[in-house]
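First comes the structure, then the notes that go with it.
The values are calculated or read from the model by the stated rules, or taken from the named source; none is laboratory data. Being a predicted model, the structure only gives us computed values, none of them experimental. For neighbour counting, all protein chains shown are included, and Cβ atoms are generated from backbone atoms with ideal geometry for every residue, glycine included. These area figures cover heavy atoms from the full protein model, side chains too; ligands, DNA and RNA do not enter into them. Shrake-Rupley method; radii C 1.70, N 1.55, O 1.52, S 1.80 Å.
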Amino acid sequence: MTAPASGGPSAPAALPGTARASASSPTPGGPVRALADVRPSVPPARLLADLVPPRHFADARFSTYRANAAYPSQARTVARLEEVAAAVVKPARKGLFGARKQTAPAVYMDGGFGVGKTHLLTSLAHAVGLDVSAYGTFVEYTNLVGALGFRATVDALATKKLVCIDEFELDDPGDTVLMSRLLRELADRGVALAATSNTLPEALGEGRFAAEDFLREIQALAARFEVLRVDGEDYRHRAVVTDSAPLPEADVRAAVTGRPGATLDVFDDLLAHLSQVHPSRYRALLDGVEVVALTGVHPVTEQSAALRLVVLVDRLYDRDVPVLLAGTGAYTGERSLFTEEMLRGGYRKKYYRALSRLGALAEDGRTVARGAA
């Protein structure tokens, strides 16, 4: 069964539909728009055009990756990926009877959190060319299939030379089978593939997504994938979650009032709205948004709502959008956003990733609030 984050039980089944135009950015001193008022209309061409590396990694290149000499696998991975990029870009040699069929490269980067796998995956996409590459997270591709249909997704992605899948997940068997089939059909059409895993920062042993898990679950493709081990320490050298105290509601409202590109929502209103918007539209939901403010933030106890929130946090992080959080008494910081049961369950990797990312965005939000004081 598809995970709730890939549409959820309350999400609309089809992508097309009427869309209420989003509110324009407020003028100084004017009202602040709400994300809950935005009904993004996203044509299929936009969904495909959005499959590019996130703004957060806009400057990532092989030349800007700082390989740690203490971990030789990092430099080896960079060198191999440069070879892969050259092989993808280079046209096949022509023989006497036409072009020689070559097996397209397929690589999987295996390593812990914070060793630069996403930086390297983004660098590969840039080296091949963003016009002939598709780049998205595992969830974005499963959402794309849900929005366009399987065959239309295959046909669209088959026009690319390279498909990059960041944060490959094994949480949901249905999604894993779906992605395995998608990759198999793309590989059969000569599309090069590159993937990374999602890994808990501290999970270097039990619970860590490792190469053998990936290869076992994509059975029919396993022999085609080359595993590139990326050893190293977390370059961030920080805790899993940046847990900052919530801001006073008055400070949050003051910080965004009259601020161009700012939005202000009651947390429950936003959660309800997300259940009515297909996750594939969340990126468009944030068009023109520079700061997000939420009031009445509280722990989320319903899993489908929590998984939709995870997707939204990922899209906010992609765009480096500061988030200002004003919570209720039960909300004491990002760490309290999800229940302990969720943080121990099958989707814990998604939740910890969201907490880490939201913590960083909330710290940026506190900077915004201080600047407005």
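Scanning the range 278-303 for residues that are crowded, with 19+ Cβ neighbours inside 10 Å and over 28 Å from P260 (Cβ atoms) turns up V300, Q303.
Scanning the range 128-159 for residues that are crowded, with 22+ Cβ neighbours inside 10 Å and within 21 Å of R61 (Cα to Cα), which turns out modelled with the lowest pLDDT? Step by step, filter the range 128-159, then rank; the result is T137.
Would you be able to say whether some residue in the range 308-317 is acidic (D, E) and either outside any loop (DSSP other than H, G, I, E, B) or not assigned by the TED database to the domain that holds G258 (or both)?
Yes, the conditions are met somewhere in the range 308-317.
Checked against the criterion of being under 26 Å from T142 (Cα atoms) and either modelled with pLDDT under 95 or open to solvent by 30 Å² or more (accessible area, probe 1.4 Å) (or both), the candidates R236, R319 yield just one match: R319. In summary, Q276 fulfils each of the numbered conditions (1) outside any helix (DSSP H, G or I); (2) touching an Asp or Glu at 6+ places or on another chain (Cβ under 7 Å) with the single exception of condition (2). For the range 56-70, the set of residues classified as outside any loop (DSSP other than H, G, I, E, B) and either of a type in the set (A, V, I, L, M, F, W, C) or at pLDDT below 85 (or both) consists of H56, F57, F62, listed by residue number. Selection of the range 323-335 for residues being touching a strand residue (DSSP E or B) at 6+ places or on another chain (Cβ under 9 Å), surrounded by fewer than 22 Cβ atoms within 10 Å (Cβ to Cβ) and under 15 Å from A360 (Cα atoms) yields only G333.
Residue pairs whose Cβ atoms lie under 9 Å apart, sitting 6 or more positions apart in sequence or on different chains, and linking a residue in the range 146-163 that is under 18 Å from H126 (Cβ atoms) to a partner that is surrounded by 21 or more Cβ atoms within 10 Å (Cβ to Cβ) and polar (S, T, N, Q), are K160/S133; K161/S133; L162/S133; V163/S133. Taking the residues in the range 19-40 that are small (G, A, S) and at pLDDT 85 or above as candidates, determine which candidate is farthest from G261 (Cα to Cα). Among those that are small (G, A, S) and at pLDDT 85 or above, it is A36.
So, G359, is that one touching a residue at least 40 places away in the same chain (Cβ under 8 Å), in contact with a helix residue (DSSP H, G or I) (Cβ under 7 Å, 6 or more places away or on another chain) and not basic (K, R) or not? Yes: the conditions hold for G359. Scoring T332 on the criteria (1) in a loop (DSSP other than H, G, I, E, B); (2) touching a Gly at 6+ places or on another chain (Cβ under 8 Å) leaves a single failure, condition (2).
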